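Enquirer: My structure is below; once you've seen it, I'll send some questions.
FYI, it's all coordinate maths here, none of it is from the lab. None of these values were measured; they are calculated from a predicted model. Cβ: placed from backbone, ideal geometry, glycine included. Neighbour counts: every protein chain shown.
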Amino acid sequence: MQWVRPFIEVIWWILNIIWWTVVIWVIVSWIVFFTSQSSFRWRNRGAYNMLSQINDLLSRMAYPFVRPFRRILPAHKMAGIDWSPMLLLLTIWLIQRLLGNILMRPGP
């Protein structure tokens, strides 16, 4: 069972990176949305453009992982709310708990 431990730890860290990418992407997308609805967009064009580029980068990183969940829960059927990032984060949390249980299991 010890030979499996490094693989599980690599999977754990990859899931952790995906987790934080999605969390940061959601927060930045909210900031971009709310700044686009205010005068911040016009008064601080440089900062708004930088936020938009960061949002685009994070969207490209997170979208491949969010896409399957968007097929399950399309936003137009959920009153316009996109629950797919939350479902992805819940799935990652469950997988990490299962991997944690496998790592904590005593070997023979």
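Enquirer: Kindly indicate the residue of the stretch 21-80 that is closer than 20 Å to Thr91 by Cβ and among the hydroxyl-bearing types (Ser, Thr, Tyr) and also surrounded by the most Cβ atoms within 10 Å (Cβ to Cβ) among those meeting that condition. Can you show your working first?
Expert: First, pick out the residues of the stretch 21-80 that are closer than 20 Å to Thr91 by Cβ: 21-27, 29, 58-59, 61-75, 77-78.
With the extra rule that they be among the hydroxyl-bearing types (Ser, Thr, Tyr), the set shrinks to 21, 29, 59, 63.
Details: Thr21: 15, Ser29: 19, Ser59: 14, Tyr63: 13.
My answer is Ser29.
Enquirer: Further question: Taking the stretch 71-108, which residues are of a type in the set (Gly, Ala, Ser) and part of a helix (DSSP H, G or I)?
Expert: Keep residues of the stretch 71-108 that are of a type in the set (Gly, Ala, Ser), which gives 75, 79-80, 84, 100, 107.
Within the stretch 71-108, Ala75, Ser84, Gly100 qualify.
Enquirer: Considering only the stretch 64-104, state which residues are polar (S, T, N, Q) and either more than 30 Å from Trp3 (Cα to Cα) or free of Cβ contacts under 8 Å to residues at least 24 places away in the same chain (or both). Reasoning before the result, please.
Expert: Our first condition is that a residue be polar (S, T, N, Q); within the stretch 64-104, this holds for 84, 91, 96, 101.
Once the filter is applied, which keeps residues that are polar (S, T, N, Q) and either more than 30 Å from Trp3 (Cα to Cα) or free of Cβ contacts under 8 Å to residues at least 24 places away in the same chain (or both), the stretch 64-104 yields Ser84, Thr91, Asn101.
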